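Step one of this worksheet: look at the structure below.
The values are calculated or read from the model by the stated rules, or taken from the named source; none is laboratory data. For clarity, every value in this text was computed on a predicted model and none was experimentally measured. Quick reminder, even Gly has a Cβ in these numbers, built from the backbone with ideal geometry, and neighbours come from all protein chains shown.
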Amino acid sequence: MFMDPPCNLAPVSGFYSMLSRELDDLDQSFLSHNFISVQFLSKVLSSLQSFHSQLTTLVQELHLPVGEKWLDEYMDESSRLWEACLVLKSGVLAMENHHSSGANIASSLDGYRHHSNAQVSRQVIRAIVGCQREVMVLEEENKRLMETRVEALSLKFEGNFNTVLMIESSWFNAFNGFRGVLHAMRNVNSLLLLILLAGLVYCWPPFWQGAAAFREERQMTFGSALMDSIARLQRRVKNGMDQIGGQSASSAGIMLYEFRQARIAMEELKAELESGGAVECESGMDIQDKVDSLKSCFGLLRCGVETIIGQLDDFFDEIVEGRKKLLGMCSRQPRT
């Protein structure tokens with residue numbers, strides 16, 4: 001079953017093609033980075049910003065009528081983006097506090113030699129245990145955040161194209177095809193936000209179960225290439241999550257690569273200190289090596305957190321500007 005394309009084909013068709021290309025690029029980028037690394041998430045966030053900006057441009061190209069529901073639907077989606085980004089920033093700021101604790105642990109061991117610092121070892125082990133408990137509390141708080149504030153945002157693929165086919169194509173093609181574009185954007189935004197949330201806040205299985213259902217439904221529709229691109233990227237990320245956290249990903253928590261590496265480095269340093277250096281003979285690494293590794297991990301985490309915070313702040317500004325631009329455009333046009 002095919003859906004008739006909207007009457008103003010060129011801008012809308014071009015927008016769908018752009019979304020599909022960018023998602024395919026993210027899919028390929030995923031393969032060239034560590035799983036859910038800062039580099040990959042930064043690219044995801046850049047795509048989210050770009051899509052929002054180009055959606056605003058598309059509205060201007062379509063010459064949409066003033067005073068109709070398209071503006072309300074656009075405002076609803078931009079509000080959803082805003083709320084989700086607030087949750088993302090909350091998670092990143094909490095992670096910033098964590099990397100400060102870890103960096104302090106590494107600094108306290110500068111110049112350490114295990115054979116003459118048993119008391120320091122005990123102090124550092126206690127500090128590591130305290131930091132690990134902080135991580136558990138952080139992830140539990142982030143999980144509650146997902147269950148409360150994020151659940152209300154409906155970041156699921158519930159509105160698939162099959163559902164739209166049950167509605168008259170006039171609904172889909174309303175406002176010169178803009179309603180169909182918003183429908184597609186809602187799915188794209190949901191996927192990108194879920195990736196960001198899994199990396200920076202918490203990987204919550206119920207959202208990804210909804211994504212799995214989306215890819216099982218297949219129809220040839222206007223924009224079906226975009227559907228395929230969404231499904232490929234979703235499947236790629238979901239498979240990576242399953243490999244790390246088990247089939248349900250229920251034990252994954254915060255998936256950010258740099259965050260996970262810092263946790264591993266802390267655990268390895270703790271094991272080395274507890275062994276009194278016995279691990280050194282087997283691993284070929286002494287305590288100072290592990291201290292350097294810990295400092296490096298937390299340094300990368302700090303830089304990554306700062307990068308993401310900067311991008312989120314820029315995106316907040318762009319959302320505000322986009323809303324102002326369309327409201328201003330409507331206020332200047334005569335009503336018909």
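Observations, loosely collected:
- Those residues of segment 296-322 which are closer than 17 Å to Glu96 by Cβ, touching a Leu at 6+ places or on another chain (Cβ under 7 Å) and of a type in the set (A, V, I, L, M, F, W, C), in sequence order: Ile308, Leu312
- Of all residues in segment 134-176, those satisfying the criterion of being farther than 29 Å from Leu200 by Cβ, modelled with pLDDT of 70 or more and surrounded by 20 or more Cβ atoms within 10 Å (Cβ to Cβ) are Asn173, Phe175, Asn176.
- There is at least one residue in segment 177-193 that is at pLDDT below 90 and not in a helix (DSSP H, G or I).
- One residue stands out in segment 243-285 among those that are β-branched (Val, Ile, Thr) and modelled with pLDDT of 55 or more: the one that is farthest from the chain's Cα centre (by Cα), namely Ile264.
- Selection status of Arg122, closer than 29 Å to Tyr202 by Cβ, assigned to a helix (DSSP H, G or I) and either at pLDDT below 90 or not polar (S, T, N, Q) (or both): no
- Tabulated pairs, segment 119-148, first in contact (Cβ under 8 Å) with a residue 40 or more places away in the chain, second exposed (fewer than 15 other Cβ atoms within 10 Å of the Cβ) and not in a helix (DSSP H, G or I), C-beta under 9 angstrom, 6+ apart or interchain: Ser121/Gly276
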